[in-house]
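Contents: one structure, followed by commentary.
The values are calculated or read from the model by the stated rules, or taken from the named source; none is laboratory data. Please read all numbers here as calculations on a predicted model, not as lab measurements. With ideal geometry, Cβ positions are generated from the backbone for all residues, glycine too; neighbour counts draw on all protein chains shown.
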Amino acid sequence: MSPAEVDKLCYAMLQEFPEIVSRVKIGESYQGRNLYVYIFMNKINTSVEKELKSRPGIFINGAHHARELTSISMVTYIMLKFLHSWVAKDQNMLAEMVENRSILYFLPIVNIDAVTYMAEKYIETGIIPKTRKNMHNYSKVKCNNQP
């Protein structure tokens, strides 16, 4: 999935399940792309902020490194699996966790700049580039005033 497809899917989850899905912007990438965490919880109080401070949670992220593309699918699969269980009233572990006052935090793509670059290059050339890290140009960074 491309970053745009992941964003579209996650936003659809947010729109379709507002009673259990929230989204919080946690910052921006080096290249200025928004980073959102999707929060799955049974909203008991009206203050989401109060609930975030008072409940235990699990953080699940994908694409921490550029070439971890499969991890994006795993994060979105877990999100969809949870929502399916929620709708079907399944009593599986994920549904019970959130029902019993736990919180699930999902960040599908941590390294959004490199994954976006890879998606664009793949569309352009048909080849996935061998990008290893993020898109920060570390060659311009000086350590202890050394060139």
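Just to check your reading of the model, which residue among Arg55, Arg67 is in contact with a Ser or Thr (Cβ under 8 Å, 6 or more places away or on another chain) and either within 18 Å of Thr131 (Cβ to Cβ) or among the aliphatic types (A, V, I, L, M) (or both)? Let's see the steps before the verdict.
Values: Arg55 fails: either within 18 Å of Thr131 (Cβ to Cβ) or among the aliphatic types (A, V, I, L, M) (or both).
It is Arg67.
Inclusion of Ile26 among residues that are in contact (Cβ under 8 Å) with a residue 40 or more places away in the chain, exposed (fewer than 15 other Cβ atoms within 10 Å of the Cβ) and farther than 17 Å from Trp86 by Cβ is warranted. Against the criterion of being farther than 20 Å from Pro3 by Cβ, at pLDDT 70 or above, surrounded by 12 or more Cβ atoms within 10 Å (Cβ to Cβ) and β-branched (Val, Ile, Thr), Ile109 does not qualify.
Among the residues of the stretch 112-141, those that are polar (S, T, N, Q) and modelled with pLDDT under 90 comprise Thr131, Asn134, Asn137, Ser139. Taking the criterion of being within 14 Å of the chain's Cα centre (by Cα) and without any contact (Cβ under 8 Å) to a residue 12 or more places away in the chain, the only residue of the stretch 29-54 that qualifies is Asn34.
Number of residues in the stretch 34-87 that are closer than 17 Å to Leu9 by Cα and not hydrophobic (A, V, I, L, M, F, W, C) equals 12. Taken together, the criteria exclude Asn144 from residues that are in contact with a helix residue (DSSP H, G or I) (Cβ under 7 Å, 6 or more places away or on another chain), at pLDDT below 90 and surrounded by fewer than 14 Cβ atoms within 10 Å (Cβ to Cβ).
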